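J.: A single structure is presented below for examination.
The values are calculated or read from the model by the stated rules, or taken from the named source; none is laboratory data. Treat the numbers as computed from the prediction; the structure is a model and nothing was measured. Please note: Cβ atoms are built from the backbone with ideal geometry, for glycine as well, and neighbour counts cover all protein chains shown. Please note that ligands, DNA and RNA were not included when accessible areas were found on the heavy atoms of the full protein model with its side chains. Shrake-Rupley method; radii C 1.70, N 1.55, O 1.52, S 1.80 Å.
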Amino acid sequence: MWGGIRLHPSLGKGEVPRYFLPTVCWIYRPVLWWWSSIGSILLRDPLPNVVVYEGFTISSTRHKAKHMLNRVWVCLISLILSLSPSFSESSFAKSRLPKVRIGIVADGPYQDYGWGKVVKSKLFLKEILELTRGEFDVIFPKNRFVHGNWSVKRIKRAVDFLLADPSIDLILALGVLSSHDISRRPYLPKPAVAPFVIDIELQGLPFRLGTSGVRNLNYLSLPHSFERAVKAFKEILPFSKMTLFVDQVVMEALPQLQVKIQRAAKANNLEITAVPVETYIQPALAAIPDETEAVLVTPLLRLPLSEFQALAQGLIDRKLPSFSLYGREEVELGLLASIAPEANTLRMARRVALNVHRILLGEDAGSFLVFLPEAERLTINMATARAVETWPTFRVLTEADLINEDVEFVTRRLSLYAVVREAVSVNLDLAAADRRVAAGMATIRNARSALLPQFEMGSSATMIDQDRASAGFGANPERSMRATGTFSQLLYSDKAWSDFTVQEKTQISREAERSELRLDILQEAAVSYLNVLRGKTSLRIQKDNLKLTRSNLELARVRESIGSAARDEVYRWESEIANGRRAVLNVQAQLQQANVALNRILHRPLEEPFMTEEASLEDPLLFGDLNRLFAFIDNPRHFGLFRNFQVQEGLNVSPEIRRLNALIAGQERTVLNAQRAYWAPEVSLQADVDQRFVSDGAGQAGPPLALGSGQDNTQWSVGLGLTFPLFSGGRKEATESKALEDLRRFRLEREATIGRVEERIRSALFQASASFPGIRLSREAADASRKNLELVVDQYSRGAVDIIKLLNSQNAALNANESAANAVYDFLIDLMNIDRAVGRFDYFLYKEERTAWFGRLTEFFKQAGVKPSKHMTISPF
């Protein structure tokens, strides 16, 4: 049986015959007629001049009445069918839940930015439905979603209508004006939540011990008041005359606004001129007094986004610094600064949903806290600051979140790859090493010259006194001119050959020293760049921690205002803010030092600005075939063999060992020369020629004698010389002894260097094996610390924990965040240390060289009788 109708016995449980719905509709036609009549009455326009939202599109209820009446029929039929056994148990469970109808009133059609975007997101409705699911059947009737089309009178009538409607159990005001209207009412017959309050004092709203103190009334207000915004603006730059942009409708809704603005102006020694703003900005810009020094922009609810952008540009063109009362989003659009953080829409929506849920459970809305604590988060648009030529002080910049901090005209952009490439081409130390190597080549040529033929030419003109010339019997005429030539060739000299060989070996050591310096420069440049990135990250973390401390200070002030905390907590957080500022200054100094160090390595002006590119773990130039490498290091045995292979590779290419090998080879030749010095002579060939061209004056030679008996004007000689030092006072023995000791010293240094190179390679590999998985572990620790801090902050805001536990949690989160942020840089630095230890930087390996390197690695494993694991991909995250 169902409603007096016997179903066919052949039908199974829950089945309904085809004729069932028409039969039911015919039987219940009087009831359907009665409901349709009631629906027609209910669907008449309940409130003239009030626009009803259907979903989030604006429509008139009169034009929709016919369609909604048809939907009533469908709903009634569905209602009848819902009584059928064919419907699920969940349908029955839902029908048994208490029904709650929430009416929504808004100010008017919203724009797509600022609070308009918040309202249009539907997030408030979703959060309420999600939180009350399973306890209440919450309904948002479409014909009870109304707005006043930006008219104060219409908004008031809309609120009156929802308050008088017996079908509405609770009112949600999604707008600044509607929230103000509801919050100003001394009596509310039903609960109302108004989450869009700008300034409690400025709007003259009821406030008692952190609550509204009015039964059924809960509003939400951020703790950043208008007067606090003015003080923060003056901290950025001094001014005495300010213009205040206020929406015209807000000025109409708050007739006491002008009085309160002038009261705030007097308290801050200012002259404030309020300028109303409609939907176009040019009239407001034209109304700015000429003597204005700054502009404070309140939420301009009706101003389109394009007009707001024109507002920001117009203020920049007039060189006027601007401050946003709404928050970060408007600073990103071009205003100078704001202390309000980025709108946390989800947090606000969840707070509203929580308050609605508490109301439905029977609590009085007037007993809920009205503050939604948010940290002051000073945001400054540095591009706007440069455009209006306003420069905040270091004290202000210390805790500010800077947008467009990198100067736009800075074209110098650096990456890790670009830095190491540039370093080897412009570094002055490396350039000096190149000159030393070039000088060494000249030294080699100088040593080789002693082994090659030597030829000298000369000429002379002589004039002596007549007496001496006459007494010389023609050998020394009074006036003479002659030319001479000398040729010599060293036929055998072990010392000369030894000097030449030693210089060649010394040149190899010079080149090895240059290679060693080149590797050091590459490592220093890469580490310096990573230190710059580390400094930027640390600065961001310290600023975030300072912002969190500022948020906790606001919490402490709220707790003090409602009597749940003493004044000492406020002082403690103020002390922590001072410490946080000092930490920010220290990190800023370290970052500037890192910038200077990097510029020095790159031979740039030390304070030349540059922009950086984040170093990524996915950089193919940096890691190459990193995933392929994991097959050789995925277990202790493989990793041990890999370390041995890297040691072998490093010892083969180490410039330190190559330098010592060259010095040893040269010293061995020096020892051989010292030993041959006991018996090896020096043999040389020499020839001379002397030609007299002029012989005149007294004492000149007479005519030559008979043929064969006189001398002509040309003299020459050829000789073979052999020298051998028989005794040198013990110099040979001392030279040999010194050469042998130097040789032994070089060999010991080589052994020590081999040990140091191997130690450096193995230590770097062990360090990287820890830092790589440390990336994931540190991020897990940071995530856990963040969650713990969120819980403790929430508990602190509710008075469940003391300040000591919150401080400990905040410090733990700070350390964990720094560790997580630095983990990637630590691993990258460890990779640079491995490359330096092995003597090979992946940035300078071509694909063929990498393939050959993997070939040697595979062969090394093969010779050890070990097969690498299958190709795998390992992520540190």
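J.: For the structure I just gave you, tell me whether residue 819 is small (Gly, Ala, Ser) and open to solvent by less than 50 Å² (accessible area, probe 1.4 Å).
T.: Criteria not met by residue 819.
J.: Output the qualifying pairs, or none if there are none: Cβ atoms under 9 angstrom, residues six or more apart or on different chains, first residue in region 359-383 and free of Cβ contacts under 8 Å to residues at least 12 places away in the same chain, second residue surrounded by 18 or more Cβ atoms within 10 Å (Cβ to Cβ).
T.: These pairs meet every condition: 363/355.
J.: Something else: Of the conditions (1) in a loop (DSSP other than H, G, I, E, B); (2) among the charged types (D, E, K, R); (3) buried (at least 23 other Cβ atoms within 10 Å of the Cβ), residue 342 fails just one. Which one is it?
T.: All conditions are met except number (3).
J.: Residue 189: in contact with a helix residue (DSSP H, G or I) (Cβ under 8 Å, 6 or more places away or on another chain) and part of a loop (DSSP other than H, G, I, E, B), yes or no? Before you say what the answer is, go through the steps one by one.
T.: Working: in contact with a helix residue (DSSP H, G or I) (Cβ under 8 Å, 6 or more places away or on another chain): yes; part of a loop (DSSP other than H, G, I, E, B): yes.
In short, yes.
J.: Of all residues in region 748-790, count the ones that are small (Gly, Ala, Ser), farther than 17 Å from residue 829 by Cα and either touching a His at 6+ places or on another chain (Cβ under 9 Å) or open to solvent by less than 40 Å² (accessible area, probe 1.4 Å) (or both).
T.: 3
J.: Where residues in region 571-583 are more than 23 Å from the chain's Cα centre (by Cα) and crowded, with 19+ Cβ neighbours inside 10 Å, which of them is modelled with the lowest pLDDT?
T.: If we filter region 571-583 for residues that are more than 23 Å from the chain's Cα centre (by Cα), which is where we start, we get 571-579.
Still in the running and crowded, with 19+ Cβ neighbours inside 10 Å: 573, 576.
Details: 573: 85, 576: 88.
Checked region 571-583; the qualifying residue modelled with the lowest pLDDT is 573.
J.: Does region 126-181 hold any residues that are among the small types (Gly, Ala, Ser) and either out of contact with any Gly (no Cβ under 8 Å at 6 or more places or on another chain) or open to solvent by 30 Å² or more (accessible area, probe 1.4 Å) (or both), and which are they?
T.: Matches in region 126-181: 134, 151, 164, 167, 173, 179.
To keep it simple, each residue is scored yes or no on (1) over 30 Å from residue 830 (Cβ atoms); (2) assigned to a loop (DSSP other than H, G, I, E, B); (3) in contact with a strand residue (DSSP E or B) (Cβ under 8 Å, 6 or more places away or on another chain); (4) open to solvent by less than 70 Å² (accessible area, probe 1.4 Å).
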site	(1), (2), (3), (4)
527	no, no, no, yes
533	no, no, yes, yes
550	yes, no, no, yes
569	yes, no, no, yes
586	no, no, no, no
596	no, no, no, yes
606	no, yes, no, no
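J.: Regarding region 343-353, can at least one residue be identified that is of a type outside the set (S, T, N, Q) and farther than 30 Å from residue 182 by Cα?
T.: No, the conditions are met nowhere in region 343-353.
J.: Only one of these is without any contact (Cβ under 8 Å) to a residue 60 or more places away in the chain and either among the basic types (Lys, Arg) or over 23 Å from residue 640 (Cβ atoms) (or both): 781, 739. Name it.
T.: So the residue among 781, 739 that is without any contact (Cβ under 8 Å) to a residue 60 or more places away in the chain and either among the basic types (Lys, Arg) or over 23 Å from residue 640 (Cβ atoms) (or both) is 781.
J.: Here's another thing I want to ask about it. Find all pairs meeting these conditions: Cβ atoms under 8 angstrom apart; at least six residues apart or on different chains; first residue within region 277-290 and assigned to a helix (DSSP H, G or I); second residue among the β-branched types (Val, Ile, Thr).
T.: Note: pairs meeting the criteria are 284/275; 284/277.
J.: With respect to the numbered conditions (1) surrounded by 12 or more Cβ atoms within 10 Å (Cβ to Cβ); (2) at pLDDT below 90, which one is the sole condition not fulfilled by residue 433?
T.: (2)
J.: Is it the case that region 217-237 has a residue that's closer than 30 Å to residue 101 by Cα, assigned to a loop (DSSP other than H, G, I, E, B) and open to solvent by 40 Å² or more (accessible area, probe 1.4 Å)?
T.: yes
J.: Tell me, please, whether a residue that is in a strand (DSSP E or B) and of a type in the set (A, V, I, L, M, F, W, C) can be found in region 418-438. First the steps, then the outcome.
T.: Residues of region 418-438 that are in a strand (DSSP E or B), as a first pass: none.
Within region 418-438, not a single residue is in a strand (DSSP E or B) and of a type in the set (A, V, I, L, M, F, W, C).
J.: How many of the residues making up region 308-338 are open to solvent by 30 Å² or more (accessible area, probe 1.4 Å), in a loop (DSSP other than H, G, I, E, B) and without any contact (Cβ under 8 Å) to a residue 60 or more places away in the chain?
T.: Of the residues in region 308-338, 1 are open to solvent by 30 Å² or more (accessible area, probe 1.4 Å), in a loop (DSSP other than H, G, I, E, B) and without any contact (Cβ under 8 Å) to a residue 60 or more places away in the chain.
J.: While we're looking at this one, here's another question. If you take the residues of region 710-747 that are assigned to a loop (DSSP other than H, G, I, E, B) and closer than 25 Å to residue 491 by Cα, which of them is least open to solvent (accessible area, probe 1.4 Å)?
T.: The residue in question is 728.
J.: List, please: which pairs have Cβ atoms under 6 Å, are six or more places apart or on different chains, and start with a residue in region 748-777 that is within 16 Å of residue 651 (Cα to Cα) and end with one that is charged (D, E, K, R) and open to solvent by less than 70 Å² (accessible area, probe 1.4 Å)?
T.: 753/656; 762/643; 765/643
J.: Quickly run through region 238-275 and pick out the residues that are charged (D, E, K, R) and open to solvent by less than 20 Å² (accessible area, probe 1.4 Å).
T.: 247
J.: What are the pairs with Cβ atoms under 6 angstrom where one residue, in region 232-243, is basic (Lys, Arg) and the other, located anywhere, is assigned to a strand (DSSP E or B)? Sequence gap at least six, or different chains.
T.: 241/271
J.: Here's something else I'd like to know. Going by what's in this entry, would residue 149 be described as touching a residue at least 24 places away in the same chain (Cβ under 8 Å), of a type in the set (S, T, N, Q) and in a helix (DSSP H, G or I)?
T.: When the stated conditions are applied, residue 149 does not pass them.
Residues are listed down the side, and each one gets a yes or a no for (1) farther than 24 Å from residue 99 by Cα; (2) over 25 Å from the mean Cα position of the chain (by Cα):
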site	(1), (2)
328	yes, no
332	yes, no
337	yes, no
351	no, yes
361	no, yes
371	yes, yes
382	yes, no
385	yes, no
388	yes, yes
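J.: Among the residues of region 825-854, which ones are assigned to a helix (DSSP H, G or I) and either open to solvent by 40 Å² or more (accessible area, probe 1.4 Å) or at pLDDT below 85 (or both)?
T.: Once the filter is applied, which keeps residues that are assigned to a helix (DSSP H, G or I) and either open to solvent by 40 Å² or more (accessible area, probe 1.4 Å) or at pLDDT below 85 (or both), region 825-854 yields 826, 833, 842, 843, 844, 847, 848, 849, 850, 851, 852.
J.: I would also like to ask the following. Inspect region 354-369 for any residue being under 27 Å from residue 112 (Cβ atoms), open to solvent by 30 Å² or more (accessible area, probe 1.4 Å) and assigned to a loop (DSSP other than H, G, I, E, B) and give the result as yes or no.
T.: So far as region 354-369 goes, no, none of its residues is under 27 Å from residue 112 (Cβ atoms), open to solvent by 30 Å² or more (accessible area, probe 1.4 Å) and assigned to a loop (DSSP other than H, G, I, E, B).
J.: Can you tell me which of 510, 468 is within 30 Å of residue 673 (Cα to Cα) and either out of contact with any Leu (no Cβ under 8 Å at 6 or more places or on another chain) or polar (S, T, N, Q) (or both)? Quick ask: steps written out before the conclusion?
T.: Working: 468 fails: within 30 Å of residue 673 (Cα to Cα).
Only one candidate passes the filter, namely 510.
J.: Got a number for residues in region 370-401 being outside any helix (DSSP H, G or I) and crowded, with 16+ Cβ neighbours inside 10 Å?
T.: 18
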